[in-house]
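The values are calculated or read from the model by the stated rules, or taken from the named source; none is laboratory data. Note that this is a predicted model, so its numbers are computed, not measured. Every residue, glycine among them, receives a Cβ derived from its backbone with ideal geometry; neighbour counts consider all protein chains shown. Quick note on the areas: whole protein, heavy atoms, side chains included, nothing else; ligands and nucleic acids left out. Shrake-Rupley method; radii C 1.70, N 1.55, O 1.52, S 1.80 Å.
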Amino acid sequence: MIEQISSRLIEYRKLFFALSILSLFLALAGFQNFKFDGSARGFFKEDYGPYMALEALEEKYGKESRAFIMLETQQADVFNRADLALFEQMTLDAELLPYIVRVESITNFSHTYSEDDDMYVENLVEQADSLSDQQLAKIKQVALSDISLVNRLVSPNGKYVALSLEFNIGKENQQEKEFELVEQIYQWVDELESANPDINIYVTGDIVSTYNNAWIVIHDVSIMIPSMFALMFVVLGVIMRTVAGVMTAVLISFVAMLTGMGLGAWFGITFTMMTMNAVMIIITVTIAHCIHILNHFFHAYREPAASKQQALLESLHINYIPVTLTSLTTALGFLTLNTSDLPPTAGLGNVSALGVLASWTFSLTMLPALVMWLPIKKPVYSESKLENLMQFLASWVIKRRNMLLLSTMICAIGMGYAAAQNQINDRFSDAIKKPHKFRTHNEKIDQHFGGLYNYHYELPAKGENGITDIEYLQKVEAFTEWLRQQPEIKGVYSFVDVIKRLNKSMHGDDPAYYRLPESSELAAQYLLLYELSLPPGVDLNNQVLLDKSATRVSTTTAAADTNKIFEMQQRVNDWQAANLPAYMRKEGASMAVMWSKLSYDSFVKTLQGSFIALIAISFIMILVLKSFRYGFISLVPNVIPAVMGFGFWALYDGELTMGLTSVVIITMGIVVDDTVHFLSKYKFAKDNLQANTEQAIRYSFKYVGTALWTTTFVLVAGFSLLVLSKAVSNVELGILTSSIIFSALLLDFFLLPPLLLLLDKHKKASV
């Protein structure tokens, strides 16, 4: 039956080629639905619990779509006329940015003071260039003594000040609007720095992060894909020594990649930085298929009596089952990524699976047509140095099988122990590789104010007085003060600071009265008076609900490790349980907390998916190879490479980020390729050539060894190109995946044959 299929693929090559081109154009039409999401929120499912909590909080207090701009002065501090005037103008200019809803800085800070029993609410800084020395000193004293400003909008030494900008962009054409906005901010900042060489300005924020992530993808696609094709062209040219063969492999891989991406867009998959790695995966898998088919074709074609068609028919006959099996197992492995809680991981799996199926289709339809049409010179019959090396290696492995079996198992156990020492730790603020403008800016801001790590705690009130109830305010105050004592926290933004400041102002600005008022009635009166006195466009809606039923306490911290975040959140929960009534307790909402929890959740789900993939792939191999024994033997070289890879990672880095939790599944389908091809040739020799175990192993080394070296080199080289990426997750993925793929080759050469000699020594393959 396989011979008939192979014959038809050659006989009807024109029809199959035409259908392949038609399917390519249909897939390309899907790019009209292409969607990309470079934001951190793109990593969360809409029904993910922590994400729903953050969305619910933002629905009440405003969505956290913001930019954070820090100014650094070369003077002792910013409290001089020139710097304050510049910063005042920056604040005014920021209020003119598109989609802006709130601008916070020390200059427009709502400063309250009293005169003759009247309370006034004014901007802290107005017309800075005409201020007297006495007024400057007063502004400095207020700014550096107000606990709601220090470490949030001004550093304790006054050398750094910040603008916090909140935007309401809406969902229609959101990404396009965000990009235009960030580019406008960057242009504005560049002009300010050019006009004022004695200052430095740094920019961060979630919309700024999203913008830079998108540009990283553009960089990766424009740099890495051409580099990958160039590298493969050179490698294949050196190894295969045929322009036609190289052109065929590169063309089919390019077509398969476009088809997989187009089909993904058709199915509505949203692409992210992680999903775009499917490009590399599809190309490398396709190249592997082409190498196996072309390698055997050239082996057969160099026989003096063989025609091109006979050689191609033999190659298709030999490789149809292993190529089909590896495509099926690889696609199945990628599909199990849908067990992950990460939408980008699921997207990566689905696009890769579609691309692998396209790779299988084009390798069996376009490749035969191109081989028959292209002018391929008949190779001169001679054993290559690599083939001779494979024969030597086969003899060496057979002779030292016991030593190899023992040493590889000891090595696997040792690397398994090392792999267990890895720790899950993912700082999403470090997602971009150094050196990079955004990473530099964010780390600088992180030192003084905290960059992307913000935590929000909603505290519901109860009773007719709501948030002005004095007992409620006392509990919020206690929580606020406790937060400020925590070593990780840089700044705390709390409604009680407003009430305490109002109480001081209503008592002649006496510092002794910077405390909560004596009664709920006074607190309610102060709040009403304050809201009536606020200038247009300024309100407390980001801290207080309109119905006065709850307030939000917000904190900022420097970037923190995953375990540190969990430890801090547990401390918060424990403190609330011990000091707050049940109705006031609510789980904190934060992108940092969500990211950390998702890292752990995705790791657990991915392990489950890996187990499912392993069972499914083993079952398929048992059915196709028609042998439980071979299916069981194949498990060892398919599982241990991941153990070896993660053991190496423990020695190299030791920290697992979110992007690495899915590497097992990503590589499992790929590493199965080597095992399938080795076992299929081994079984063919036993079934058709009546070879014994040693002879079948030598046959496998001869006819698949060269191809395995070639495909592994191309795969490792391809994934290694990910180190050129500006995304840390891509760099880590490239390093770990390359190590696993290379380990798979070593195990197929040095562990699989000894296992076959041990477990299949006196047995013939089933007919």
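General remarks:
- Single residue of region 538-588 satisfying the filter (among the charged types (D, E, K, R) and in a loop (DSSP other than H, G, I, E, B)) that is farthest from GLU464 (Cα to Cα): ASP561
- Considering residues of region 631-661 that are hydroxyl-bearing (Ser, Thr, Tyr) and buried (at least 23 other Cβ atoms within 10 Å of the Cβ) only, the residue farthest from the chain's Cα centre (by Cα): SER634
- Residue selection: MET70 satisfies the criterion of being open to solvent by less than 10 Å² (accessible area, probe 1.4 Å), touching a Phe, Trp or Tyr at 6+ places or on another chain (Cβ under 6 Å) and closer than 30 Å to ASP133 by Cα.
- For region 730-767, a residue qualifies if it is small (Gly, Ala, Ser) and either in a helix (DSSP H, G or I) or at pLDDT 90 or above (or both), and the qualifying residues are GLY734, SER738, SER739, SER743, ALA744.
- Sole exception among (1) closer than 23 Å to PHE428 by Cβ; (2) free of Cβ contacts under 8 Å to residues at least 24 places away in the same chain; (3) among the β-branched types (Val, Ile, Thr) for THR210, by number: (2)
- Taking the numbered list (1) within 30 Å of MET273 (Cα to Cα); (2) touching a helix residue (DSSP H, G or I) at 6+ places or on another chain (Cβ under 8 Å); (3) outside any helix (DSSP H, G or I) in turn, LYS63 passes all entries but (2).
- Restricting region 46-60 to residues that are assigned to a loop (DSSP other than H, G, I, E, B) and of a type outside the set (Phe, Trp, Tyr) leaves a set whose member that is farthest from the chain's Cα centre (by Cα) is ASP47.
- Matching option when the condition is farther than 26 Å from ASP561 by Cβ and either of a type outside the set (S, T, N, Q) or not in a helix (DSSP H, G or I) (or both), among GLU443, GLU471, GLU458: GLU471
- Taken as a whole, the condition of being loosely packed, with under 15 Cβ neighbours inside 10 Å and part of a loop (DSSP other than H, G, I, E, B) applies to GLU518.
- Among the candidates VAL716, VAL676, VAL723, VAL664, residue that is among the hydrophobic types (A, V, I, L, M, F, W, C), open to solvent by less than 10 Å² (accessible area, probe 1.4 Å) and on the phi < 0 side of the Ramachandran plot: VAL676
- Residues that are more than 28 Å from HIS441 (Cα to Cα) and open to solvent by less than 30 Å² (accessible area, probe 1.4 Å), drawn from region 39-56: TYR48
- Filter pass, ALA577 being touching a residue at least 12 places away in the same chain (Cβ under 8 Å) and either in contact with a His (Cβ under 6 Å, 6 or more places away or on another chain) or over 18 Å from PHE44 (Cα atoms) (or both): no
- Test: residue in region 685-695 that is touching a helix residue (DSSP H, G or I) at 6+ places or on another chain (Cβ under 6 Å) and crowded, with 24+ Cβ neighbours inside 10 Å: no
- Restricting region 521-537 to residues that are open to solvent by less than 50 Å² (accessible area, probe 1.4 Å) and assigned to a loop (DSSP other than H, G, I, E, B), the residue that is farthest from VAL121 (Cα to Cα): PRO535
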